[in-house]
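Written below as structure tokens is the structure these notes are about.
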Amino acid sequence: MTVISLFEKWQTTHEHFNNETDALQELWIILLSARYSYRKEVLNDGKKLDRFVEDFACSHRHVNCDKARCRNVHEKNHNIARRILTERGDLAQHLFNSKNFTLENCIKMKHVFDTTDAPPPNTVLSNTEVSETKPPLSFGYHLSLKQMVRIADCANANHLFCVSVATVEDIRALLERRNGYQITVENIRSVTILFDTLLENGMIGWNWKAAMARGGHLLSKKTGKPISATTLSSALSEIKNRPTPVSKRIVDEIREIAIMLDDNEAE
């Protein structure tokens, strides 16, 4: 069953809104529908992002119910979804990029939406920001200071880089792709699984491998030369096919860090 049919089924079978849980369930279904449609229409079919948002908002504007309470709740949910897609690029990217989007994720996202302001304009989602076929000059990141501290701790605990201590500034420099910044990689497979898990949890953009390779930020321990996007892809495939205790620990730690989205200490 596709997400779209799930929304259509809800339209015809819902038994009206009785509590906040019912309202959150509908918001979740709307966002799941946006996620499904985005991946099909924008990533697969190449539709312009602004056109996709406009079409999606129009197609989900009305609810098939004659109860005033249901219409009001749906209008509120529709407005939340529309504003996330148009104004909150940080949340939209989290929705589109994360491996899964559960009801619990939806509740957390709504809390962030309700309690925080929109990020600076340069973090607004764009087609190129999440497209591997047209990589931008940077892959963008959506992390709080606390999250970057935890990522640095993860890097040090798992010996990802050839430095005595990887600092928050090292992590920030990598995420910002600072001109001239380079760091030598101790274990390339572990580094790729860290970045891949950041991607899966919507904290960085899809084209991180191309962005890292283009800037020459990651250096090989053996050759001292920048690591190519092809090498990063191969290392990631290897570690995914043959996970290790270290890679599993990194995945678990990054997933815990992703939950800290609620803190929203945006940079």
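The values are calculated or read from the model by the stated rules, or taken from the named source; none is laboratory data. Since the model is a prediction, treat every value here as computed from it, not as a measurement. Glycine gets a Cβ as well: all are built from the backbone with ideal geometry, and neighbour counts include every protein chain shown.
Annotations for the structure displayed:
- Every residue from region 162-175 that is surrounded by 14 or more Cβ atoms within 10 Å (Cβ to Cβ) and either modelled with pLDDT of 95 or more or over 23 Å from Lys222 (Cβ atoms) (or both): Thr167, Val168, Ile171, Arg172, Leu175
- Qualifying positions in region 52-72 - farther than 24 Å from Tyr38 by Cα and not in a loop (DSSP other than H, G, I, E, B): Ala68, Arg69, Cys70, Arg71, Asn72
- Per the conditions (1) crowded, with 20+ Cβ neighbours inside 10 Å; (2) under 30 Å from Arg35 (Cα atoms); (3) over 21 Å from the mean Cα position of the chain (by Cα), the sole criterion not satisfied by Pro243 is (1).
- Flag if Leu219 is among the hydrophobic types (A, V, I, L, M, F, W, C), assigned to a helix (DSSP H, G or I) and modelled with pLDDT of 90 or more: no
- Only listed residue being out of contact with any Cys (no Cβ under 7 Å at 6 or more places or on another chain), closer than 22 Å to His111 by Cα and assigned by TED's automatic domain parsing to the domain that holds Asn105, chosen from Val73, Val42: Val73
- Within region 112-140, considering residues that are at pLDDT below 50 and aliphatic (A, V, I, L, M), the one farthest from the chain's Cα centre (by Cα): Leu137
- Residue satisfying all of: in region 99-111; in contact (Cβ under 8 Å) with a residue 40 or more places away in the chain and surrounded by 18 or more Cβ atoms within 10 Å (Cβ to Cβ); farthest from the chain's Cα centre (by Cα) among these: Lys110
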